[in-house]
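Can you read through this structure? Questions will come right after.
Derivation of every value follows stated rules applied to the coordinates shown; laboratory data play no part. Remember, predicted model here, so these are calculated numbers, not experimental data. For neighbour counting, all protein chains shown are included, and Cβ atoms are generated from backbone atoms with ideal geometry for every residue, glycine included.
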Amino acid sequence: MKNILKQFRQILGMPILLLVATVSYSAHGAVAKTNTAPLEKTNAAPEEAVAQKSVFEDDLKNGKDPFFPKSMRRGEKSPAINAQVVAPVVQLALKGISGPANRRFALINNQPLAVGETAYVRIATGQVKVRCVEIRESSVIVSVEGDPEQKELRLREGL
């Protein structure tokens, strides 16, 4: 048994010895190569870097927002027009009339209104303020904000 272990150590010992010798030689050679270059020593002061000052031009015509390049906030603003938009009568529809004779209400664009009440009614372009003036048997008289004339809204045929 001792003889087998001795042969096994001799066989395995040779490649390990070669591996250790190769690694130590290459490491020694690498160190020697890096140390062969002479170091230059100077007593001169390092050059100072001169920083240039940034210039920012806040010109609304020639610039854009770097964070929101498609934004129109920095563009020229057009003067505001103070004309009120009046809802065409076509956009107001009388959907129905309901309630007892002494307390009737009209349904205009799905907004219930009694006589004398004012409410914001939705239309295709937003909202418009409508006041109910009179409720008749098959029509309603309304006043639209921004329009001096009163409008009559009729029920559709067959309702």
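With the Cα gyration tensor of region 89-154 giving a ≥ b ≥ c as the square roots of its eigenvalues, does the rule (a/c under 1.5 for rounded; else a/b larger than b/c for prolate; else oblate) give rounded, prolate or oblate?
Judged from the Cα gyration tensor, region 89-154 comes out prolate (a/c at least 1.5, a/b above b/c).
Let me ask another. Mean separation of Cα pairs under 8 Å and 6+ residues apart, divided by the residue count of region 89-154: what relative contact order is that in percent?
Value for region 89-154: 24 percent.
A further question follows. Return the FRET efficiency for the residue pair Asp147, Ala101: r is the Cβ-Cβ distance, R0 is 25 Å, and the value is rounded to the nearest 0.05.
0.30
Might you report the magnitude of the Cβ-based charge dipole of region 89-154 about its Cα centre, with Lys and Arg at +1 and Asp and Glu at -1, to the nearest 20 debye?
Taking the Cα centre of region 89-154 as origin, the dipole is about 220 debye.
Most exposed first by the Cβ proxy, i.e. fewest other Cβ within 10 Å, how do Leu94, Leu107 rank?
Least crowded to most crowded, the residues run Leu107, Leu94.
What distance in nm separates the simple spin-label points at Tyr120 and Ala51, each placed 7 Å from Cα in the Cβ direction?
Going by the 7 Å Cα→Cβ label model, 5.1 nm.
Can you tell me the FRET efficiency between Ala44 and Phe68 if r is taken as the Cβ-Cβ distance and R0 is 41 Å, rounded to the nearest 0.05?
0.25
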